[in-house]
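The values are calculated or read from the model by the stated rules, or taken from the named source; none is laboratory data. These numbers were taken from a predicted model, which means no experiment stands behind them. No Cβ is skipped: glycine too gets one built from the backbone with ideal geometry, and neighbour counts run over all protein chains shown.
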Amino acid sequence: MPESAEDVWARIVGASRRAVDGECPECASVTPERIVWEDDSWILSYSDGPAELSTALLLQTREHTRVGQLDDDLATQFGRISNRLVRIIENLPEAEYVDVSRYGAHRGHFHVWFFAPYAQDSKDPVDLHTVATKLANWGGNARA
Ligand SMILES: [Zn+2]
């Protein structure tokens, strides 16, 4: 049985790994309702991005770590998930392409943004249920 959003939230908040500067804004601000997909190590959530985007998604680790500090397993997972996610979104009619970006060196979790502008002549947001279920074909759990 998949974990409930409340269980996921409790696990994130209850993580025993050290937070940056004793506080972790990401853990404090994770909203279970915004989780699109997740597995044991990663959380993909959506954000209210700029109006010109069909979607703005944030992929981050559950553990407190940084870009450049992933172990080989997490780095490999990140490559696979990112590649699949971009391929999924770029094959949807709502999105033109996907920009992959990392901002904020001092956040507590490894995190990367996926920004997808609207496809030409489209103003429909990306169907997050489709993204979640397609990503879950390789593992993890669809939440959207
Ligand atoms: Zn945290």
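Restricting attention to the range 110-142, which residues are at pLDDT below 95, of a type outside the set (Phe, Trp, Tyr) and touching a helix residue (DSSP H, G or I) at 6+ places or on another chain (Cβ under 8 Å)? Across the range 110-142, the qualifying residues are HIS111, VAL112. Scanning the range 8-51 for residues that are modelled with pLDDT under 60, out of contact with any Lys or Arg (no Cβ under 7 Å at 6 or more places or on another chain) and surrounded by 11 or more Cβ atoms within 10 Å (Cβ to Cβ) gives VAL8, TRP9, ALA10, ARG11, VAL13, ARG17, ARG18, ALA19, VAL20. Among the criteria (1) over 30 Å from GLN120 (Cβ atoms); (2) within 16 Å of the ligand (Cβ to nearest atom); (3) hydrophobic (A, V, I, L, M, F, W, C); (4) at pLDDT 85 or above, the one ALA75 does not fulfil is (2).
Being of a type outside the set (A, V, I, L, M, F, W, C) and either under 9 Å from VAL36 (Cα atoms) or touching a strand residue (DSSP E or B) at 6+ places or on another chain (Cβ under 7 Å) (or both) is the filter here; which residues of the range 125-134 pass it? Scanning the range 125-134 gives PRO125, HIS129, THR133. In this structure, ARG107 does not qualify as within 16 Å of the ligand (Cβ to nearest atom), closer than 27 Å to ALA28 by Cα, at pLDDT 90 or above and basic (Lys, Arg). Of all residues in the range 68-103, those satisfying the criterion of being touching a residue at least 12 places away in the same chain (Cβ under 8 Å) and among the polar types (S, T, N, Q) are GLN69, GLN77, SER82, SER101.
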